[in-house]
Amino acid sequence: MKIVVAIDKFKGSATQEMIADTVSAAINENSKCKVLTVRVADGGEGTLEAVAHARKVEWQECEVAAPVEGLPRMRAKYISLGDRALIETAKIVGLTLIPQKKRNIMRSSTLAVGEAMCDAISKGFRRIILSLGGSCTCDGGIGALSALGFEFLDDSGRALEPVAESLNHIKSVRNPRKPVNLGKNGLKAAPVEVGVLSDVENPLLGPRGAARIFAPQKGASPEEVEKLEEGLQNFSKLMPDGVAERPGAGAAGGIAAGLMAFMGAEIKSGAQCVLEMTGFRELISDADLVITGEGRIDAQTGMGKIAGEILKESHAAGVKCVGLCGAAKFDEELPPFDAIIPVSPAHIPLDEAMRPEETLQNIRAAVKDLMINMGRAAE
């Protein structure tokens with residue numbers, strides 16, 4: 001019997017690697033199954049590691065600006081697959097990269113993302129894929145676009161700093177040089193295809209937009225949230241119709257919207273693209289069971305999240321799929337897993353249940369019970 005383990009992290013509790021190791025060990029202790037573990041991600045944090053774990057990749061390195069002023073330039077890494085460069089925003093402008101006291105969302109910028117894109121273009125990569133999520137920014141992508149050759153002008157025609165607080169002053173956009181002409185050694189290059197992987201479906205504006213949903217998580221005060229919303233609304237007036245409303249346009253502080261509007265970027269499901277790049281369909285083609293999961297399984301799980309996409313792929317291949325989770329919202333319409341197994345006992349307080357050692361112990365016990373029940377069913 002072949003079991004594929006492809007579980008997302010239990011956020012705030014245990015990492016993907018810790019959980020996969022625990023599940024694999026519990027299966028091996030209680031059965032003679034063949035176990036294969038797969039790193040997964042939904043297009044946000046952890047995407048590079050997931051792809052690098054499954055495929056032979058080359059790591060690229062370049063120097064980029066810090067995402068907030070007052071910090072020195074830093075080294076950034078991304079990976080390449082053939083003619084594709086895969087850049088993860090969380091590794092370049094990630095919130096966790098910035099010390100708490102240095103965080104300043106109004107002076108934040110995605111400039112470093114654009115510089116990494118320029119580095120990839122200069123090395124000859126013709127397809128650039130950005131995995132979005134976990135950023136400290138909310139600049140609508142003007143920082144990245146600035147590095148790529150765009151200028152954002154006020155009503156006097158003066159170039160503005162490519163930071164979030166400039167959004168409300170933008171009146172026009174100028175592109176004095178074509179970013180696709182940044183070929184190796186400065187030579188003219190072929191057109192570059194840009195794709196963005198989103199792990200959310202939020203639009204750019206409104207109550208579910210980049211400012212009102214995500215900016216508070218990045219340290220923005222209520223006043224700053226409203227300034228950012230006004231700024232993004234102003235910037236959106238220069239975008240083609242419909243871009244700001246696209247699902248996922250608000251990802252990573254609106255960088256998805258900016259790149260769609262001015263670079264013709266195509267937005268894609270992060271989870272589906274990661275599963276494609278890791279060869280997930282091939283890995284489960286002869287499997288008997290897939291074990292996936294996340295910290296909490298609820299109605300959102302089936303709306304583009306990695307556990308829900310793994311379920312769809314498994315059932316399409318005729319493979320049973322079990323969802324492990326810390327907790328499940330059984331009063332909602334949940335995705336049709338063959339079994340949903342909450343591992344945290346109901347009587348344990350949440351802060352105790354989320355301790356890594358407690359989570360892993362509960363996962364171990366749940367998998368042991370699963371293997372015993374499967375053994376009985378097979379008799």
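Note on Lys34: lysines with a C-alpha under 30 Å away, same-chain residues under 8 apart excluded, are Lys2, Lys9, Lys11, Lys56, Lys305, Lys312, Lys320, Lys368. Taking the Cα atoms only, what angle lies between the long axis of helix 356-378 and the longest principal axis of the chain, rounded to 10 degrees? Helix 356-378 sits at roughly 50 degrees to that axis.
Relative contact order of segment 4-161: 19 percent, from C-alpha pairs under 8 Å at least 6 residues apart in sequence. Give me the angle, in degrees from 0 to 90, between the Cα long axis of helix 251-263 and the longest principal axis of the Cα atoms of the chain, rounded to the nearest 10. In the chain, helix 251-263 runs at an angle near 50 degrees to the longest axis.
Our summary of shape: the Cα atoms of segment 193-300 have principal axis extents of 53, 34, 20 Å, ordered from largest down, in whole angstrom.
Helix 222-236 and the long axis of the chain differ in direction by around 70°, with both axes built from C-alpha atoms. Close amide H partners of Gly124, meaning residues 5 or more places away or on another chain with modelled amide H under 5 Å apart, are Lys184.
The phi torsions of segment 107-112, fed into the Karplus equation with coefficients 6.51, -1.76 and 1.60 and a -60° offset, translate into couplings of 9, 7, 7, 8, 3, 4 Hz, rounded to whole numbers, with Gly and Pro shown as x. The local environment of Ser236, defined by Cβ-Cβ distances under 12 Å, has a net charge of -2 under the rule Lys, Arg +1 and Asp, Glu -1. With semi-axes defined as the square roots of five times the eigenvalues of the C-alpha gyration tensor, the equivalent ellipsoid of segment 125-170 measures 23, 15, 6 Å, largest first.
Across the options Ala90, Ile129, Asn104, the greatest Cα extent toward the positive end of the charge dipole of segment 79-142 (unit charges at beta carbon of Lys, Arg, Asp, Glu) belongs to Asn104.
Extension gain for Leu153-Arg174 works out to 6.8 nm (0.36 nm per residue, less the C-alpha to C-alpha distance). Of the chymotrypsin sites (Phe, Trp or Tyr not before Pro) found in segment 279-379, those in coil by DSSP whose Cβ has at most 14 other Cβ atoms within 10 Å are Phe330. Put simply, the amide H of Leu81, placed in the peptide plane, has neighbours under 5 Å in Leu86, leaving out anything fewer than 5 places away on its chain.
Taking Lys and Arg as +1 and Asp and Glu as -1, the other residues whose beta-carbon sits under 12 Å from that of Leu95 total +3.
The trypsin sites (Lys or Arg not before Pro) of segment 13-113 meeting both criteria, a DSSP state outside H, G, I, E and B (loop) and at most 11 other C-beta atoms within 10 angstrom of the site's C-beta, are Lys32, Lys56, Arg73.
Secondary structure note: in the chain, about 35% of the DSSP beta bridges are antiparallel.
Taking max minus min of the alpha-carbon positions on each principal axis, segment 69-179 gives extents of 44, 37, 22 Å, largest first. Tally Lys and Arg at +1 and Asp and Glu at -1 over the other residues with C-beta under 14 Å from the C-beta of Pro342: what net charge comes out? Taking every Cβ under 14 Å from that of Pro342, the sum is -4. Helix content alone sets the calculated 222 nm mean residue ellipticity of the chain: runs of n ≥ 4 DSSP H residues at -39500 (n - 2.57) each, divided across all residues, give -9500 deg cm²/dmol. Whole angstrom only: what separates the Cα centroid of segment 132-151 from the Cα centroid of segment 257-290? Spelled out, the Cα-based centre of one part sits 23 Å from the other. Only beta bridges with both residues in segment 1-147 are counted; by DSSP, about 60 percent of them are antiparallel. Annotation: average projected area of segment 254-299 is 5.3 square nanometres, based on the convex hull of Cα atoms across all directions. Rg then Dmax, both in Å and based on the Cα atoms of the chain: 22.0, 80.
Only the coordinates and a few stated rules stand behind these numbers; no lab work does. Not measured: the values here are computed from a predicted model. Don't worry about glycine lacking a Cβ; one is built from the backbone with ideal geometry, like all the others, and counts go over all protein chains shown.
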